[in-house]
Amino acid sequence: MSGRLEGRQVAAVACFDSFGKTAMNLLQVARKEGADTHLYLLELPGRKLSRRQVLEIRRIDPRTRIHQRQWPQLRELRDDLARLDALVLGLDGRRTRETQLLLQSAWAGQERRPVLVSAYPGILFRHQLEGMMDRSGADLLCLNAESDAALYRQGCAALGIDSSNAEVTGLPILWPLQPRLQVPDRAAIVFFEQPSVPDNPIQRKYLCRRLAKLAKAWPQHPVIFKPRTSRVESTLHRHHGEMASRVERLSRRIANLEISYKPSLSLLKRCGCAITVSSTAAMEAMALGISTRIVADLGINESLGNHYFLESGALASFDAIERDPFTPAHDPGWLERQGYRADGAERFVKALAQRLASPPSGDALPRPGPAGWGSTGWQSYALVKGGRRMLSSAGARSRQVASHRGRDLLRRIRQNLVGFWLLERVFKGR
């Protein structure tokens, strides 16, 4: 490595495990270029990260230090973050806005401030333009695909603002992946769950029944159900654990049907066919050259998110999957256009180094926020009437209940007592 970031201080703040993994991938690349890197994992009320999730994030780059904090402690970190050379915001859109507004007071009047970087943890198939405009205040906006960048440029042009902060780097989680050279013996068929996709309980029951049927059709190959999270891990999704419980009951009668909570990449190493409705795991599987199938039985629409894969060649019914799960059918060209960039890490480092060569000043950010958030009149009015939360793209508070103290306490205990989830079900009246 040429050490283009030698001596630079680069840190990231991240919420949720997916954002943490993305931020850690960016930090790993920066560290290899000579930067001193830190990751601040800011846990939200009701969304405490489990030990497994933190371990998976740490495993990406053990040499980057992780500091676990609570989200309200961000205010206490303002002075430390202001001294950085670059700050990666691994946050959802609303909190990206909140954080930028919060940090402005610490940056005010300074000759230089950190270069702000933002990136996505997965594919953009919902609220695409909204999410990019939420992040329009970043100095470097890392986008997955040229189609995302084209839409962003259109949105900026309509508002008469500059779009040169966008750089197509591809999905950071795909940067280290290379097509494997050999398919393992008795390769597994792995289904990757998403917590709320599909949303309909009958659809979820159908998927479980088809996985059981698939296992019976290929008895010499393990058919693995990969839940999004385990029972003892925190989640906000109301369908959490439902499919896993059903598959677990089915597995008692079908020897080669099983559940695994191992990391996705670990399962993909022994995988011969990856199945999902619309998970980013499909992109990882394609990047590794693994046969990938996007479930089409339930139709193709935005609610399922599988419309994103229309031109991928991977859409298939379970009947087709049963006939031949192991022959790759996806289009490598589509993958390269939609998120896999072999030169993505290099593009990121080059773009960051360019911006660090001319660091922005503390007054470089428009007040109260960038024009991508709306007119100055609206932003000033929104801040007065509703505070930072009101200045979200939806113009409303989060639906999530503010207090999760009781739920947090249960989850902390559950992480130390196996089987305690039964008591939580009693408390919840299930």
Criterion (over 19 Å from GLU146 (Cα atoms), of a type in the set (A, V, I, L, M, F, W, C) and either touching a Gly at 6+ places or on another chain (Cβ under 7 Å) or free of Cβ contacts under 8 Å to residues at least 12 places away in the same chain (or both)) met by exactly one of ALA329, ALA285, ALA296: ALA329
Out of the residues in the range 97-131 meeting the condition of being free of Cβ contacts under 8 Å to residues at least 40 places away in the same chain and of a type in the set (S, T, N, Q), tell me which one is surrounded by the most Cβ atoms within 10 Å (Cβ to Cβ). SER118
Which residue, of ARG51, ARG58, ARG69, ARG94, is surrounded by fewer than 20 Cβ atoms within 10 Å (Cβ to Cβ), in contact with a Ser or Thr (Cβ under 7 Å, 6 or more places away or on another chain), assigned by TED's automatic domain parsing to the domain that holds LEU171 and more than 24 Å from PRO359 (Cβ to Cβ)? ARG94
Number of the condition not met by LEU304 [criteria: (1) within 23 Å of PRO198 (Cα to Cα); (2) hydrophobic (A, V, I, L, M, F, W, C); (3) modelled with pLDDT of 95 or more]: (3)
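Part of a strand (DSSP E or B), touching a helix residue (DSSP H, G or I) at 6+ places or on another chain (Cβ under 9 Å) and either in the same structural domain as ALA274 (by TED's automatic domain parsing) or surrounded by 21 or more Cβ atoms within 10 Å (Cβ to Cβ) (or both), is that true of ILE294?
For ILE294, the condition - part of a strand (DSSP E or B), touching a helix residue (DSSP H, G or I) at 6+ places or on another chain (Cβ under 9 Å) and either in the same structural domain as ALA274 (by TED's automatic domain parsing) or surrounded by 21 or more Cβ atoms within 10 Å (Cβ to Cβ) (or both) - is met.
For the range 368-382, indicate whether the set of residues that are surrounded by fewer than 13 Cβ atoms within 10 Å (Cβ to Cβ), farther than 26 Å from GLU33 by Cα and in the same structural domain as GLU33 (by TED's automatic domain parsing) is non-empty. Full working, then the answer.
Within the range 368-382, the first condition is being surrounded by fewer than 13 Cβ atoms within 10 Å (Cβ to Cβ), and the residues that meet it are 375, 377.
Next, only the ones that are farther than 26 Å from GLU33 by Cα stay: 375, 377.
This time we only want the ones that are in the same structural domain as GLU33 (by TED's automatic domain parsing), so: 375, 377.
Yes, because at least one residue in the range 368-382 is surrounded by fewer than 13 Cβ atoms within 10 Å (Cβ to Cβ), farther than 26 Å from GLU33 by Cα and in the same structural domain as GLU33 (by TED's automatic domain parsing).
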Members of the range 18-70 that are within 18 Å of LEU91 (Cβ to Cβ), in a helix (DSSP H, G or I) and not aliphatic (A, V, I, L, M): SER18, PHE19, GLY20, LYS21, THR22, ASN25, GLN53
Step by step: first the residues of the range 132-164, then only those that are of a type in the set (S, T, N, Q) and surrounded by 22 or more Cβ atoms within 10 Å (Cβ to Cβ), then the one that is farthest from GLU311 (Cα to Cα). Which residue is that? SER136
Out of the residues in the range 337-355 that are modelled with pLDDT of 95 or more and of a type in the set (A, V, I, L, M), which is farthest from the chain's Cα centre (by Cα)? ALA353
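Quick one: which of ARG153, ARG94 is without any contact (Cβ under 8 Å) to a residue 60 or more places away in the chain and assigned to a helix (DSSP H, G or I)?
When all the criteria are applied, what remains is ARG153.
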Are any of the residues in the range 120-141 touching a strand residue (DSSP E or B) at 6+ places or on another chain (Cβ under 7 Å) and in a strand (DSSP E or B)? yes
Filter the range 321-342 for residues that are among the small types (Gly, Ala, Ser) and touching a Lys or Arg at 6+ places or on another chain (Cβ under 8 Å) and give the result. ALA329
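The values are calculated or read from the model by the stated rules, or taken from the named source; none is laboratory data. Source: prediction; values computed, not measured. Because the Cβ atoms are built from the backbone with ideal geometry, glycine has one as well, and the counts that use them run over all protein chains shown.
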